[in-house]
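Below is one structure; the comments refer to it alone.
The values are calculated or read from the model by the stated rules, or taken from the named source; none is laboratory data. Everything quoted here is computed from the prediction, not taken from an experiment. Here Cβ is always computed from backbone atoms with ideal geometry, including for glycine, and neighbour counts include all displayed protein chains.
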Amino acid sequence: MKNEWTVIPASEADIDAVRERCRRMVRRRAAVSAGVAAVPIPGVDVMTDLGLFTQLIDEVNREFGLTPAQIERLQPKMKLIAYEAVVSLGGMLVGKVVTRELVATVLKRSAGKLAARQAGKLVPIAGQIASATIGFFAFRQIGYQHVEACAKVARQVVVQAR
């Protein structure tokens, strides 16, 4: 049972349930991203991805109890554990205020995939299909990485808080 201070999932089973819920959310958003990527207008998909991904990161952080506001409401000991876990596990977007600029930085890591996706739009039909496929898998991969980072931080907090 959670006390009033606890916003991070309280058990391994709770963390696993949140993880699965968030992975479903990532897949749904990746499908939307792929649909937009199939539109043959250059740049629309990138702007859509920035918006979708910004919302996704914020929602995943919230589900795990790892938004900056949620962390601030933790008991002092748990707050320290949460911040130490974020730093040691290297979750770039975990526990951060998510901005489009921060998301753009993360998406730049996938610049090769984004360039291939944009180039694919120049070839009718097949290029749109390829662009949508690349967009889906790139978005899903980055989303999954964030979900796993949040799950690791939450596990660390649960283990160390005992």
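Within the range 6-35, residues that are more than 12 Å from residue 60 (Cα to Cα) reach partners that are of a type in the set (Lys, Arg) and exposed (fewer than 14 other Cβ atoms within 10 Å of the Cβ) with beta carbons closer than 6 Å, at six or more positions or on different chains, in the pairs 10/2. Being assigned to a helix (DSSP H, G or I) and of a type in the set (Val, Ile, Thr) is true for just one of 39, 26. Which residue is that? Matching residue, one of 39, 26: 26.
Would it be correct to say that residue 72 is without any contact (Cβ under 8 Å) to a residue 24 or more places away in the chain and over 16 Å from the mean Cα position of the chain (by Cα)?
Values: without any contact (Cβ under 8 Å) to a residue 24 or more places away in the chain: yes; over 16 Å from the mean Cα position of the chain (by Cα): yes.
Considered against the rule, which asks whether it is without any contact (Cβ under 8 Å) to a residue 24 or more places away in the chain and over 16 Å from the mean Cα position of the chain (by Cα), residue 72 comes out as yes.
Against the conditions (1) among the aliphatic types (A, V, I, L, M); (2) farther than 30 Å from residue 133 by Cβ; (3) at pLDDT 85 or above, residue 85 satisfies every one except (3). Of all residue pairs spaced 6 or more apart or on separate chains, those with beta-carbon atoms under 6 Å, a first member in the range 136-148 that is on the phi < 0 side of the Ramachandran plot and modelled with pLDDT under 90 and a second member that is assigned to a helix (DSSP H, G or I) and surrounded by 15 or more Cβ atoms within 10 Å (Cβ to Cβ) are 136/30; 136/34; 138/113; 139/30; 139/33.
Could you please let me know if residue 7 is over 30 Å from residue 137 (Cβ atoms) and in a loop (DSSP other than H, G, I, E, B)? Considered against the rule, which asks whether it is over 30 Å from residue 137 (Cβ atoms) and in a loop (DSSP other than H, G, I, E, B), residue 7 comes out as yes.
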